[in-house]
Amino acid sequence: MATRNQPAVTQPKASRVAYSRELLLGLYRSLMKCRMSDEKARILFRQSKFGGNFYSGVGQEATEVGAAFTLRKDDWIAPSHRDWTSNIIKGAPLKSCFAQLFAKATSPDRGRSSPAHMGFPDLHVITPASSIAGQLAVGTGVAFGLKRLKKDTVVVAFFGDGATSIGGFHEALNFAGVHRLPIIYICQNNLWAESVPLRLQTALKDLSERAKAYGFPGLSVDGNDVLAVYEAATKAIARARAGEGPTLIECKTYRWYGHSEIDPAKYRIKEEVEAWKKRDPVLAFEKYLLDKKILNDSKKAQIAVEINREIDDAVEFAENSPYPDPSEITNFVWAD
Ligand SMILES: Cc1ncc(C[n+]2csc(CCOP(=O)(O)OP(=O)(O)O)c2C)c(N)n1
Ligand SMILES: [Mg+2]
């Protein structure tokens, strides 16, 4: 699909190798959990149930799930401001995630930070940096540490198209190339960095070409095709685990809503948004599973009911949790 902003993805579809039914249903459940949690969070923000700001990732779920689903518990994720659902994919309980949105004392950082800074130390999800591309330096540093400790664990780092214009992106990738670090860079090219369109960000057609400058492989995939992302990420993760170094994967995708919930996104034309909504990554995968008879209407309804129940419990938990006591504000600033 061509838009004013960027031509269609030309890469071939994923090979659709014979994945197990269990894996395919797991990917679907994860996509649905991310979509439903994110839509719920948007409603809660608009109801003023929590403050700060909220950066919805709706429309980009296939990049999140495809890249992070296959990670082991001891692997790491370096998310950016739009990737709060990477916590969910890594296994963080929804109760903790919603408590973090609400900045309650029961959240992973005990109510210390805003919704865009969601990390989960126990599951190796690094808290995102506020400065764009900042988490790439942190994630690359973690990968350097893992290599020095001779671990076979890897880091998956998420960032947007806008981040690729920042110096920190280039420094991180250059360092990772020199030291052949176990890190996978997932660029979620959603065509916009706030109100800046991709065509004013780069003269490149594929952002994955940037990897050439740093001496490791780069590839571009359809970021709305969860199997295409999964396939590319699985190979890159295996490569990193085997000590063969980093990979840059550009996932071409789109954010459905404004940059944040306070942005009406008037800089985009209606036709562009509608064309991308027709390529809904969750519905596309659902249709694929229904056609293959891996999913049916009753199983689909059951999954939605289960996720809804989990979300309702999580919101109730977050609402009923206390705010941190102001007298404890200086606690947990330094590690013991
Ligand atoms: C160094 C820096 N400059 C500007 C900002 C403000 N800002 C936050 S998100 C964002 C856009 C980032 O775009 P992109 O990397 O494409 O990610 P997306 O929001 O599209 O997911 C900007 C400019 C910031 N946080 N840090
Ligand atoms: Mg962007």
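No value in this document is a laboratory result; all are computed from the given coordinates. Every value quoted in this text rests on a predicted model; they were computed, and no experiment measured them. Please note: Cβ atoms are built from the backbone with ideal geometry, for glycine as well, and neighbour counts cover all protein chains shown.
Summarising the amide proton neighbourhood of ASN53: residues at separation of 5 or more, or on other chains, whose placed amide H is nearer than 5 Å comprise ALA116.
Just subtract the alpha-carbon distance of TYR267 and ASP313 from 0.36 nm times their residue separation and send over the number in nm, one decimal. Mind dumping the intermediate values first?
On the way: separation 46, 0.36 × 46 = 16.56 nm, distance 3.73 nm.
Extra length available between TYR267 and ASP313 comes to 12.8 nm.
If you count, for each residue, the other Cβ atoms within 10 Å and average over each peptide, how do 83-95, 314-326, 49-61 line up from highest to lowest?
Values: 83-95: 23.1, 314-326: 14.8, 49-61: 20.5.
So the order, starting with the most tightly packed, is 83-95, 49-61, 314-326.
Which trypsin sites (Lys or Arg not before Pro) in region 206-294 sit in a loop by DSSP (not H, G, I, E or B) and have at most 10 other Cβ atoms within 10 Å of their own Cβ? Don't jump to the answer; show the numbers that get you there.
Details: sites: ARG210, LYS212, LYS235, ARG239, ARG241, LYS252, ARG255, LYS266, ARG268, LYS270, LYS277, LYS278, ARG279, LYS287, LYS292, LYS293; in loops: ARG255, LYS266, ARG268, LYS278, ARG279, LYS292, LYS293.
Those satisfying the criteria are LYS266, LYS278, LYS293.
Spin-label model, GLN47 to LEU200: label points 7 Å out along the Cα-to-beta-carbon direction sit 3.7 nm apart. Taking a ≥ b ≥ c as the square roots of the eigenvalues of the Cα gyration tensor, region 21-322 is rounded, since a/c falls below 1.5.
Is region 110-218 best put as rounded, prolate or oblate by its Cα gyration tensor, with a ≥ b ≥ c the root eigenvalues, rounded for a/c under 1.5, and otherwise prolate when a/b is larger than b/c, oblate when not? Here region 110-218 falls in the oblate category. The relative contact order of region 21-322, computed from alpha carbon pairs under 8 Å that lie at least 6 residues apart in sequence, is 23 percent. Calculated from DSSP H runs of 4 or more alone, at -39500 (n - 2.57) each and per residue, what is the 222 nm mean residue ellipticity of the chain, nearest 500? After summing the helix terms and dividing by residue count, I get -12500 deg cm²/dmol. Sparse packing (at most 15 other Cβ atoms within 10 Å of the Cβ) combined with a DSSP loop state is found for the following chymotrypsin sites (Phe, Trp or Tyr not before Pro) in region 239-285: TYR267. A straight chain from PHE332 to SER130 at 0.36 nm per residue would run longer than the Cα-Cα distance by 70.8 nm.
Set the bar at 21 Å for Cα to Cα. Now go through LYS95/LYS252; LYS90/LYS299; LYS49/LYS95; LYS90/LYS292; LYS33/LYS277 and name every pair that lies beyond it.
From LYS95/LYS252; LYS90/LYS299; LYS49/LYS95; LYS90/LYS292; LYS33/LYS277, over 21 Å: LYS95/LYS252; LYS90/LYS299; LYS90/LYS292.
For a quick check, take a GNM of the chain with Cα springs below 10 Å and name the residue from ALA203, ALA67, ALA213 with the largest mean-square fluctuation. Checking each option, the largest mean-square fluctuation is seen for ALA203. Taking the centroid of alpha carbons for each part, region 62-91 and region 208-229 are 17 Å apart.
Looking at the chain, the DSSP beta bridges with both ends there are about 10 percent antiparallel. With both labels modelled 7 Å from their Cα along Cα-to-Cβ, the THR234 to ASN174 distance reads 3.6 nm.
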